[in-house]
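Remarks on the structure that follows.
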Amino acid sequence: MEDPEGGSRPQGNGALAAGRKDGKKSRRRKGKRGGQSRNANQSAQHVLSGDTGEAARPIEAGNAAHKRKRRRRGASASGTAGQQPQRTSNEISATAGQGVRSDSESVPSRRNRRKHRGKRGLQGRPLVHEKPVGHPAQPQQPAPTGRNGVAESRTGQNDNRAARQSDGGQRSQVEHPWPDELYAALDLGTNNCRLLIAQPTRPGQFRVVDAFSRIVRLGEGLAASGRLSDDAMDRAVDALRVCASKLKNREIRRMRLIATEACRQASNGAQFLERVIAETGLELEIIDRETEARLAVSGCSSLVGRETRSVVLFDIGGGSSEIAVIRIGDNRFNRLANHITHWTSLPVGVVTLSERHGGRDVTPDVFEGMVVEVEGMLGSFDCPAIDIGHADDFHLIGTSGTVTTLAGVHLDLPRYDRRKVDGIWLSDDEVSAMQAKLLSWDFASRAANPCIGPDRADLVLAGCAILEAIRRRWPSPRMRVADRGLREGLLTDMMADDGVWRRHRNRRGQRGK
């Protein structure tokens with residue numbers, strides 16, 4: 001008995017033979033319904049595969065393709081009929097019913113086919129070209145921003161260039177002088193715990209890779225007891241665990257982790273830092289007030305224009321407020337902190353002041369009492385008066401949650417947006433109007449505002465009182481808002497100390513040559 005495929009099978013019993021015969025007839029009937037027989041299909045497949053009797057093998061890439069081209073050229077030149085190359089199963093299914101080309105094709109036709117071979121896929125369809133990286137049809141997603149300054153894009157301090165994922169799964173590498181050098185800065189203050197991980201880009205700038213910010217109120221109750229409470233330390237340790245996880249998951253070239261006023265004042269500040277090392281592995285250093293003032297200035301250096309001659313920069317914190325007087329002559333240093341002539345650190349912040357006077361129900365009299373207290377502290381600050389020649393020669397710079405809140409309320413933002421707040425100018429009248437508006441709201445109204453929230457509703461008026469005392473001491477027609485501070489100063493100083501921006505200049509010069 002012959003097999004339908006052309007071979008022979010051994011004879012079986014009668015029932016088996018009868019079953020095979022019925023199956024064979026059934027298959028023949030199905031073939032006739034389709035207008036063709038199995039023999040026709042078999043012959044077409046043999047013709048398309050070169051009648052080799054073997055399964056079609058996939059065409060090898062690279063040099064194998066060039067070797068087949070040379071063989072075809074040689075066969076055509078010698079006048080001998082060469083065997084057609086084997087085709088893949090995809091080519092077979094695509095060319096069924098189209099016939100087979102003979103070797104009598106004209107030479108120009110074969111040349112054109114070879115010329116455009118790289119532009120066609122296995123089935124003869126044009127290949128879809130991949131869009132280049134940074135194509136206009138691929139809009140960049142806006143960087144996420146939050147009330148606490150968590151953002152991937154930081155205006156004036158970073159470069160948004162980054163590697164993108166290509167269609168083939170390969171990561172497209174963007175030329176960068178230091179693709180793996182990351183720097184980290186952590187600031188554990190009286191009210192907030194903040195972390196930034198950044199990568200240096202153009203001279204004086206960096207790109208934020210990761211960020212974290214959480215209100216922990218480490219200094220809660222510190223003014224009354226002189227110690228850090230257990231609940232406050234627990235909140236801070238929980239936030240530091242998140243920071244430790246972010247630092248562990250990245251290869252950091254250099255980091256600096258600092259603690260400020262709460263740990264400076266607390267009698268158990270050293271024991272708290274030992275607990276932080278034991279539970280998170282992070283080793284924090286307590287910096288002095290002068291270092292804190294210099295770091296605040298370094299973080300805001302890009303917001304001081306070339307035409308400015310004098311600046312009073314203030315950082316209203318949770319437990320202390322740093323103030324630096326900056327005078328810039330004809331020769332400007334690369335580091336703005338080198339122009340500090342006088343500085344002071346007031347032992348008062350939004351947390352300590354609100355605890356002494358109350359932050360929920362603040363009347364105009366209570367507010368004025370807070371302002372007078374801060375004015376008394378500023379009275380002992382020995383600083384010569386600032387000579388103002390022109391209107392653009394002098395201005396204030398505020399870097400704290402107080403001034404950013406005022407800017408957000410002034411802009412009537414439905415949600416706090418750092419990109420719209422950082423670097424904005426507020427006139428003296430606008431600042432006064434915003435303070436009066438906040439003072440007219442009760443606690444619930446302040447908490448309902450998206451730029452304040454319930455976590456800051458009892459602190460914002462204490463910050464406004466500190467700001468009012470500073471404005472009375474140094475009257476200025478305008479103030480610039482900075483949503484940046486110690487972390488940016490830490491990153492700027494570390495990158496400058498390592499000379500990464502000098503290396504960038506040198507490499508650009510070498511490429512230019």
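Every read-out reported here was derived from the displayed coordinates using simple, explicitly stated rules and does not represent laboratory data. Not measured: the values here are computed from a predicted model. All Cβ positions, glycine included, derive from the backbone under ideal geometry; neighbour counts span all protein chains shown.
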field: FRET efficiency, R473 to R502 (Cβ-Cβ, R0 22 Å, nearest 0.05)
entry: 0.05
Order by protection proxy (mean Cβ within 10 Å, highest first), peptides 320-329, 219-228: 320-329, 219-228
- line: Per 10 angstrom bin, beginning at 0 and ending with the bin that holds the maximum distance, the Cα pairs of segment 286-343 fall in percents of 23, 58, 17, 2
task: Which order do the peptides 335-342, 292-299 take when ranked by the mean count of other beta-carbon atoms within 10 Å per residue, highest first?
output: 292-299, 335-342
Pair D231, E368: separation of 7 Å Cα→Cβ label points (nm): 3.4 nm
- prompt: Pulled fully out, how much extra length does the chain show between A385 and T341, if you take 0.36 nm times their separation in residues and subtract their Cα-Cα distance?
  reply: 14.6 nm
message: Under the √(5λ) rule applied to the eigenvalues of the Cα gyration tensor, what semi-axes describe the equivalent ellipsoid of segment 262-415? Give them in Å, descending.
response: 28, 23, 17
message: I need the calculated FRET efficiency for the pair S427 and E274, taking r as the beta carbon distance and R₀ as 56 Å, to the nearest 0.05.
response: 0.70
task: Could you order peptides 309-315, 457-463, 354-360 by the average number of other Cβ atoms within 10 Å of their residues, highest first?
output: 457-463, 309-315, 354-360
- prompt: Gain in length, R415 to E307, computed as 0.36 nm per residue apart minus the alpha-carbon separation, to one decimal in nm?
  reply: 35.5 nm
Reduced Cα scattering model of segment 334-457, Debye log10 I(q)/I(0), q = 0.16, 0.20 Å⁻¹: -1.01, -1.38
